[in-house]
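Worksheet: one structure, shown below.
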Amino acid sequence: DDITDLRKGTPMIVHYAPEIITVEGLLEENTGFSVNTTGGDPKSDNKEMYFAIWPSQPLDVIATDAQQKEGINITEKNVDHLQVTGNEKELRSLLNKKVRISGTLSHAHNTHHFTKVLLSVNSVSAAD
């Protein structure tokens with residue numbers, strides 16, 4: 001699939017955990033940079049690899065009033081990619097393929113989170 005095609009479509013409305021969602025899209029490995037605490041070059045030090053999915057349609061991720069008030073999760077609209085956390089060996093075997101992932105969403109809250117919204121994997125498989 002052409003990645004430009006993956007960003008098209010009406011957003012799918014989803015919610016943060018405990019709701020379990022299922023998305024299909026391209027699974028990639030990306031590079032992020034965490035906070036540099038050693039005084040080195042922030043553009044090259046503290047490089048971290050992470051998995052990301054580019055859903056076949058954008059997501060509107062809705063936080064409840066209670067989640068927003070507590071600052072745990074905030075509503076994010078038109079999310080076009082998600083950092084994926086789960087079994088590294090299983091995810092690596094599906095890199096650069098169209099996958100179907102079921103799991104729960106959370107909002108980024110530390111420097112090891114490289115997208116606004118993260119998807120914690122319950123199950124992953126190659127998509128048809």
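The values are calculated or read from the model by the stated rules, or taken from the named source; none is laboratory data. Values in this document were obtained by computation on a predicted structure and should not be read as measured data. We place every Cβ from the backbone using ideal geometry, glycine too, and count neighbours over all the protein chains shown. We work out accessible area using only protein heavy atoms, side chains counted, and drop any ligands, DNA or RNA first. Shrake-Rupley method; radii C 1.70, N 1.55, O 1.52, S 1.80 Å.
Could you tell me whether the range 74-83 includes any residue that is exposed (fewer than 12 other Cβ atoms within 10 Å of the Cβ) and under 22 Å from H15 (Cβ atoms)? Checking the range 74-83: at least one residue is exposed (fewer than 12 other Cβ atoms within 10 Å of the Cβ) and under 22 Å from H15 (Cβ atoms).
Of all residues in the range 73-82, those that are without any contact (Cβ under 8 Å) to a residue 24 or more places away in the chain and assigned to a strand (DSSP E or B) total 0. Each residue in the range 93-128 was checked for being open to solvent by 70 Å² or more (accessible area, probe 1.4 Å) and in contact (Cβ under 8 Å) with a residue 60 or more places away in the chain, and 6 of them qualify.
Report, by residue number, each residue of the range 83-128 that is among the charged types (D, E, K, R) and part of a helix (DSSP H, G or I). Answer for the range 83-128, where residues must be among the charged types (D, E, K, R) and part of a helix (DSSP H, G or I): E88, K89, E90, R92.
Name the residue that is modelled with the lowest pLDDT, counting only residues in the range 1-43 that are in a loop (DSSP other than H, G, I, E, B) and acidic (D, E). So, considering only residues that are in a loop (DSSP other than H, G, I, E, B) and acidic (D, E), the one modelled with the lowest pLDDT is D1.
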